[in-house]
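Here is the structure we will look at.
The values are calculated or read from the model by the stated rules, or taken from the named source; none is laboratory data. It should be emphasised that the depicted structure is a prediction, and the values quoted were computed from it without experimental measurement. Cβ coordinates were reconstructed from backbone atoms using ideal geometry, including for glycine residues, and neighbour counts include every protein chain displayed.
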Amino acid sequence: MKFKLTISFVLGFIGVSILTFVAALVAVIDYRVTSKLEGVLWTVPAKIYSRPLELAEGVNINPDNLIKELDMLSYISVKGPDSPGEFNFSKNNLKIFLRGYLDQKPGLFQVALEDSQVKSIRNQLGLPEDLIRLEPTVIGGMYPAHMEDRVLLNWPEVPQKLVDTILAVEDQDFFNHYGISFKSISRALLKNIQAGEVEQGGSTITQQLAKSLFFSSEQTIRRKVMEAIASLLIEFHYTKEEILLAYINDVFLAQSGRRAIHGFGMGAQHFFGTSISNLSTDQIALLVGMLKGPSLYNPRRNPKNATARRNLVLGILSKNNKISVSAFENLKDKGLGITPPNYRAEIKYPAFHDIVRLELQKNFADKDLRTKGLSIETNLDPVLQRSLEKSLASTKTQLIKKYGNRLDDLEGAAIAVDISNGEIKAVTGSTTPSSYGFNRSINAIRPIGSLVKPLIYLTALDKYDEYNLSTILDDSKLSLASGGEIWEPDNFDKKFHGKIPLHVALWQSYNIASARLGLEVGFESVEDMFLDLGIQKEVPNYPSVFIGSFELSPYDAIQAYQTIAGDGFYTPLRSIRQIKDTDGEIELSYPYSIEQRVRPEPISLIKFAMQQSFVRGTARGYSKKQIEMWNAGGKTGTSDDQRDSWFVGFAGEILVLVWLGFDDNRQTPLTGRTGAFQVWKTFIDDIKPVAIPRTSLPRIQYVWTDMKDGLRSGEKCDNSLLVPFIKGTEPKFVPDVRKKCATRGKTPRESVMDKLKGIFEGGQG
């Protein structure tokens, strides 16, 4: 009797232990199910997009750049576009079938261009449209440590044909079982035997989701039991729609470098360059078919396998009456329609990405950027970005040919900004721009050389009761005690030029005249001007600052020139336009702001001198026609011993700054003209900026002056130049020797100068 009681006790204890273990196991799996599944439903990396190209009547657009952007967006040129992602461009008329983006509906539109402007836009019914918007390019993301990339879909965004295809292929009884279906297993086994190949799997969608989320692919009884428990718990906690949505957002479809492509939303973008809502039945069949083997059926690597698998899925749809037999026959002969990959790497433009991150860190925690699925719309122009990268790389190649392999490790940085609003359009921080590392556009703090001179001269011209463009400066030998040593600056040509007008000293970039001018206006005034222009840095109290020892990053330097190019209006540089949450609601916007910091009249004078750099100064090489068309102006910069080559210039709506040099600060054979200017010129020649209307300033008048003594000259006098002055500051005295030529009527030469007046008059807009 005692023995029987002992046996019963042991068996009872074992039974209780097993039940306790099972209960604990179920509790652990239940916790993993709820926590992990919620994460799949809502944890998505932030995506960074370029600006969407918007076309509206009156918008300036270079037709060549428009075609380049369509190519980058994987639009296909055809004779008669009739499907999303197709276009035809002929005789300044663009016919385009838009894929759709946000509130922009897909459809056929016709855009008429005239003189690099949008003349009209009409839809397929012939009715006028105010605006059409092309989808942006994905340029990167804030990926979590496991590098999963997905586009989160909400249930209303899931096309019914995607649901039908998934259920037909993966789980026909999905809405009728509780996570495990013996009927599905049996049916799949029978169909696979009949087909002679693996046509269908026996696992339910719920089981596949459980396996993907919680378990390895090992084929063991323990794993199968845990998978079954997890499947039942998933069905207990969530609706069928929630389970299917989690599956749609989680499935693995491809590997792109280190980035894992998950979910049909991301799959549609990765393989077809568009959203899931725009996919056709055959395209959806391809993606669903890839679930069986993402590598084996990858359409880019194995197009034959992918086509066969797609057609098998289309056949299943036909057998289940989801498509007609005739539709099946038509679709199985179609091409795959795969677009070129729109990712070169996880981060497409790392230098621009760095600037975006710096702006984001002011308002968002890193965790939020990696999990909340934010959409970050930036100001990046992909056409300008590509051109800037190519210009820097091709110029380096040409310089190596000219100067030899000592320039093999030459580095560089360049930034392009929209003058009117401070939007950063393109950035590169290296001569190998795809590499992620030291970003010289924001981190290279280098002496800016002669780029400092327009800032010094603007300081003087802002005191227009004391200085104007004809003010005589002294470019004779200068000796100063500085820091316990004697400082004796030289000009680049090792010559002294005596007494010369202010504007000549600037566009010839004479060091000694600039140093004397800086000493005259004083360090405090210079520092105040720097602050007004947007430079948040103390000006060191030593005279070499006035000829270029002042150190800035390219990013800080172009901010100052943005204010100059913008006619004295300070607009903080911006890389981001707005940030949206997963529901498309604006989380944060980065509005355009503007503040007039410097009076427009002195600015117009300094821009005239910078424009003269192209006519007769250190940036010669452009025709008067080009200068007129783009209203171009710029300044070269070369630091001590030619360690840094700089150029900054504006043309049309765009301002670009370029730096070239070595990371170890050793000497280069380059000046601002022979190095950085060549990058700028290549870029501008490639993008061909569209000119914008100019406005004249009522307080500015043009007077003929002599380029040697700065005094009033005549319309036919030698060495005369039409120079702008703030009214009341112009020279009055005409030397006797020039009185005759000053009073004669206009000649063809004067007519040309009058035309130049129109070029240089007015603001940049």
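General observations
- Unmet criterion (only one of (1) farther than 25 Å from residue 616 by Cβ; (2) crowded, with 23+ Cβ neighbours inside 10 Å; (3) of a type in the set (Ser, Thr, Tyr)) for residue 510: (1)
- Scan of region 620-670 for residues that are of a type in the set (Val, Ile, Thr) and buried (at least 24 other Cβ atoms within 10 Å of the Cβ), ordered by number: 636, 638, 648, 656, 658
- Selection from region 374-386 of residues that are surrounded by fewer than 22 Cβ atoms within 10 Å (Cβ to Cβ) and closer than 15 Å to residue 433 by Cα: 386
- Residue under evaluation residue 151, criteria (1) buried (at least 20 other Cβ atoms within 10 Å of the Cβ); (2) outside any loop (DSSP other than H, G, I, E, B), criterion not met: (2)
- Among the residues listed as 109, 87, the single one being free of Cβ contacts under 8 Å to residues at least 24 places away in the same chain and in contact with a Pro (Cβ under 9 Å, 6 or more places away or on another chain): 87
- Complete set of residues in region 56-79 that are under 13 Å from residue 382 (Cα atoms) and either more than 19 Å from the chain's Cα centre (by Cα) or without any contact (Cβ under 8 Å) to a residue 24 or more places away in the chain (or both): 67, 71
- Residue match in region 608-618 (condition: part of a loop (DSSP other than H, G, I, E, B), out of contact with any Cys (no Cβ under 9 Å at 6 or more places or on another chain), modelled with pLDDT of 90 or more and of a type in the set (S, T, N, Q)): no
- The residues listed here are 399, 384, 388, 380; of these, the one that is modelled with pLDDT of 95 or more, closer than 30 Å to residue 592 by Cβ and out of contact with any Ser or Thr (no Cβ under 6 Å at 6 or more places or on another chain) is 384.
- Here region 95-113 is the region considered, the condition is being touching a strand residue (DSSP E or B) at 6+ places or on another chain (Cβ under 9 Å) and of a type in the set (D, E, K, R), and the residue that is farthest from residue 82 (Cα to Cα) is 103.
- On inspection, residue 396 does not qualify as more than 30 Å from residue 48 (Cβ to Cβ) and in the same structural domain as residue 676 (by TED's automatic domain parsing).
- Being surrounded by 15 or more Cβ atoms within 10 Å (Cβ to Cβ), modelled with pLDDT of 90 or more, closer than 30 Å to residue 413 by Cβ and not β-branched (Val, Ile, Thr) is a property that does not hold for residue 328.
- Note on region 296-328: among residues that are in contact (Cβ under 8 Å) with a residue 24 or more places away in the chain and outside any helix (DSSP H, G or I), the one that is nearest to residue 252 (Cα to Cα) is 298.
- For region 475-504, filtering for residues that are closer than 19 Å to residue 456 by Cβ, assigned to a strand (DSSP E or B) and at pLDDT below 95 leaves 3.
- Residue match in region 573-585 (condition: over 18 Å from the mean Cα position of the chain (by Cα), in a strand (DSSP E or B) and either within 29 Å of residue 627 (Cβ to Cβ) or modelled with pLDDT under 95 (or both)): no
- Test: residue in region 401-413 that is part of a strand (DSSP E or B) and buried (at least 21 other Cβ atoms within 10 Å of the Cβ): yes
- Residue check for residue 454: within 30 Å of residue 727 (Cα to Cα) and touching a residue at least 40 places away in the same chain (Cβ under 8 Å): yes
- When the criteria are applied in full, residue 447 fails the requirement of being out of contact with any strand residue (DSSP E or B) (no Cβ under 7 Å at 6 or more places or on another chain) and either under 30 Å from residue 592 (Cα atoms) or surrounded by 17 or more Cβ atoms within 10 Å (Cβ to Cβ) (or both).
Quick grid of which residues meet (1) of a type outside the set (A, V, I, L, M, F, W, C); (2) farther than 23 Å from residue 443 by Cβ:
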| position | (1), (2) |
| --- | --- |
| 552 | no, no |
| 588 | no, yes |
| 599 | yes, yes |
| 602 | yes, yes |
| 615 | no, yes |
| 626 | yes, yes |
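- Residues in region 103-121 that are exposed (fewer than 14 other Cβ atoms within 10 Å of the Cβ) and in a loop (DSSP other than H, G, I, E, B) were compared, and the one that is nearest to the chain's Cα centre (by Cα) is 103.
- Output for region 523-550, where each listed residue is outside any helix (DSSP H, G or I), at pLDDT below 95 and of a type outside the set (Val, Ile, Thr): 536, 537, 538, 540, 541, 542, 548, 549, 550
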